[in-house]
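Structure first, then comments.
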Amino acid sequence: MHDETKLLAGGMLMLSLATCALVVLPYLTVRDPKPTEGLKPYTSAELRGRSQYIAHGCVSCHSQQPRAKKLAPDLARGWGRASVAGDYAYDSPHLLGTMRTGPDLMNIGARQPSEAWHLGHLYQPRAYVHGSIMPSYPFLFELKEKAEAGDLVVKLPPGHVSPGLTLVAKQEAIDLVAYLKALDRTMPALPGGAAP
Ligand code: HEC
């Protein structure tokens with residue numbers, strides 16, 4: 001009986017230590033992150049685009065968490081400085097991702113600010129990146145015989161839209177690109193420009 005009590009007490013102790021290290025300490029550290037200085041809240045169009053990003057599973061191939069220099073060459077890859085908790089202050093749920101089949105997108109808005117490029121790339125990635133394995137998202141667009149007033153016409157490199165047809169972005173594509181363009185955490189991570 002004596003030994004069983006010890007075993008139980010030891011088990012409880014290990015469990016509480018693990019809970020402290022894995023739940024309590026991280027919670028206390030990042031429970032209420034202040035937004036990184038200069039980070040703007042998402043607009044409603046960007047939030048709609050964020051829902052598109054979630055709905056189409058972009059997170060299954062793209063991370064949003066550049067790592068520190070000593071962990072990975074993300075800075076050298078052009079993906080930006082290591083992210084800090086404040087970078088995700090307006091992200092609920094966060095879209096950190098775990099897979100990097102494609103590049104990290106935390107700073108894609110700064111790296112590629114062109115709406116036209118993003119729209120064309122979503123319609124047909126292989127029109128821009130030879131051999132790209134990213135899926136195309138043609139259902140976010142409409143092929144019309146003639147563009148109507150207010151339509152956002154997407155121009156692709158030659159050979160990707162049948163002659164005589166015009167490619168028009170649907171609202172979902174426009175919102176998604178607004179979100180991608182808002183992904184920009186190139187401001188200093190900590191006040192005063194200190195590295196994290
Ligand atoms: C099956 C994996 C996969 C999925 C799903 C995927 N992508 Fe990609 N993505 C890639 C790969 C691989 C590349 C690199 C080649 C290229 O640029 O096409 C890429 C590139 C990109 C780029 C250009 C990045 C850069 O640094 O130039 C953007 C922007 C992008 N993807 C956005 C998206 C969005 C938005 C979605 C969801 C609608 C998405 N991707 C879904 C694999 C994926």
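Observations on the structure shown:
- Unmet criterion (only one of (1) within 16 Å of the ligand (Cβ to nearest atom); (2) at pLDDT below 95; (3) over 22 Å from residue 134 (Cβ atoms)) for residue 35: (1)
- Among the residues of this structure, residue 154 does not count as one that is within 15 Å of residue 56 (Cβ to Cβ) and aliphatic (A, V, I, L, M).
- Residue in the stretch 40-51 that is in contact (Cβ under 8 Å) with a residue 12 or more places away in the chain, more than 16 Å from the chain's Cα centre (by Cα) and not in a loop (DSSP other than H, G, I, E, B) present: no
- Residue match in the stretch 81-102 (condition: under 14 Å from residue 65 (Cα atoms), within 14 Å of the ligand (Cβ to nearest atom) and either touching a Lys or Arg at 6+ places or on another chain (Cβ under 7 Å) or not assigned by TED's automatic domain parsing to the domain that holds residue 178 (or both)): no
- Taken over the stretch 160-181, the residue count meeting the criterion of being out of contact with any helix residue (DSSP H, G or I) (no Cβ under 9 Å at 6 or more places or on another chain) and among the hydrophobic types (A, V, I, L, M, F, W, C) is 2.
- The residue that is farthest from the ligand (Cβ to nearest atom), counting only those in the stretch 60-80 that are of a type in the set (Gly, Ala, Ser) and out of contact with any Lys or Arg (no Cβ under 7 Å at 6 or more places or on another chain), is 68.
- For the stretch 118-159, the set of residues classified as within 9 Å of the ligand (Cβ to nearest atom) and touching a helix residue (DSSP H, G or I) at 6+ places or on another chain (Cβ under 9 Å) consists of 118, 121, 122, 128, 129, 132, 133, 134, 135, 137, 140, listed by residue number.
- Considering only residues in the stretch 65-98 that are in contact (Cβ under 8 Å) with a residue 40 or more places away in the chain and of a type in the set (A, V, I, L, M, F, W, C), the one that is nearest to residue 51 (Cα to Cα) turns out to be 95.
- Some residue of the stretch 103-119 being loosely packed, with under 13 Cβ neighbours inside 10 Å and touching a residue at least 12 places away in the same chain (Cβ under 8 Å): yes
The values are calculated or read from the model by the stated rules, or taken from the named source; none is laboratory data. In this text the structure is predicted, and so the values were computed from the model without any measurement. Please note: Cβ atoms are built from the backbone with ideal geometry, for glycine as well, and neighbour counts cover all protein chains shown.
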